[in-house]
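Working notes for the structure below.
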Amino acid sequence: MDRFIRLLKESKHCVFLSGAGISTLSGIPDFRGNNGIYRKFDADKIFDIDHFHAEPEYFYSHSKDFIYNVDERNPNIIHYVLSRLEQLGLVRSVITQNIDLLHQKAGSRNVIEIHGSPKENTCLSCGKIFSYDHVAKIVREDQIPKCDECGGLVKPNITFFGEMLDQKAIMKAVDESSYADLFVVIGSSLVVHPAATLPFYSIRNKGKLVIVNNMPTPLDEHAVLRYKDLGMFFEYLDSYFRDTK
Ligand code: CNA
């Protein structure tokens with residue numbers, strides 16, 4: 001860990017890219033990990049935009065205990081340490097693929113959500129916006145959220161497979177990655193694009209890549225440091241920086 005601490009202290013622009021693995025410590029299953037939802041059902045189908053239009057009840061029945069209960073989940077040591085490192089000026093931003101709002105809940109300010117979040121939900125017919133609380137109440141009652149003005153189908157502002165990413169968010173993520181002299185990937189299988197391409201913007205500008213994940217990733221050969229256990233990694237950072245002012 002000494003080598004990582006040295007890189008972090010030397011870095012002028014450190015960026016983290018987080019994936020679903022970090023929220024497993026908060027009780028939210030990831031996709032492709034050992035207890036990931038891919039082992040239980042077809043997550044590609046749940047988050048497929050064509051399938052959502054054809055059978056919205058499939059999405060809502062499966063996401064009830066996975067997305068529409070994130071308000072009951074709490075940030076874990078990873079989210080809190082990242083927020084603290086941002087306060088200390090050691091981390092510039094967190095780019096996240098997660099849709100669970102836990103980075104913000106832990107106090108991180110510069111969070112770039114490249115896959116959106118269920119904080120807002122949009123009527124696909126008239127564009128009216130609905131809050132998370134409004135939609136979560138309906139979904140928990142096993143109903144499909146429909147617009148109260150026009151009756152249209154309501155969809156969370158999460159990017160589904162087959163949809164364009166939010167261009168503002170992805171451009172900001174590309175900018176941050178290009179500036180990063182230290183790029184740290186945590187809890188991601190690095191198979192979903194374009195998220196998995198972001199480390200290359202840093203590497204291309206001589207940035208150093210560090211990966212913390214308990215399964216191999218396609219970018220491992222590009223990493224200068226590689227760690228497996230997220231819990232141990234962040235416990236070490238927590239104890240190291242706890243008393244730093
Ligand atoms: P993924 O493909 O499920 O990868 C997660 C990775 O984390 C896996 O390789 C795991 O082995 C690894 N992992 C899990 N726990 C640990 C641990 N304790 N220590 C070390 N490694 C661990 O998830 P990605 O984020 O790469 O995939 C992108 C998808 C998943 C995005 O579109 C997300 O929106 C989507 N997703 C988000 C959430 C969330 O917001 N919490 C949950 C599930 C899926």
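We did not get these values from a lab; they are worked out from the coordinates using the rules stated. Note that the structure is predicted; figures quoted are calculated from it, not measured. Note that each Cβ is placed from the backbone with ideal geometry, even for glycine, and that neighbours are counted across all protein chains shown.
Annotation: amide H-H contacts under 5 Å for residue 91 (H modelled 1.01 Å from N, sequence separation of 5 or more, or interchain): 86. Looking at the stretch 70-159, the GluC sites (Glu not before Pro) that sit in a DSSP loop and have at most 12 other Cβ atoms within 10 Å of their own Cβ are 141, 149.
How much length is gained if the chain between residue 229 and residue 171 is pulled fully straight, taking 0.36 nm per residue apart and subtracting their Cα-Cα distance, in nm to one decimal? Don't jump to the answer; show the numbers that get you there.
Working: separation 58, 0.36 × 58 = 20.88 nm, distance 3.04 nm.
Roughly 17.8 nm would be gained on extension.
Can you pick out the pairs among 45/206; 137/228; 119/208; 45/172; 45/208; 105/206 whose Cα atoms lie more than 31 Å from each other?
On the way: 45/206 38 Å; 137/228 38 Å; 119/208 33 Å; 45/172 28 Å; 45/208 35 Å; 105/206 33 Å.
Listed pairs above 31 Å: 45/206; 137/228; 119/208; 45/208; 105/206.
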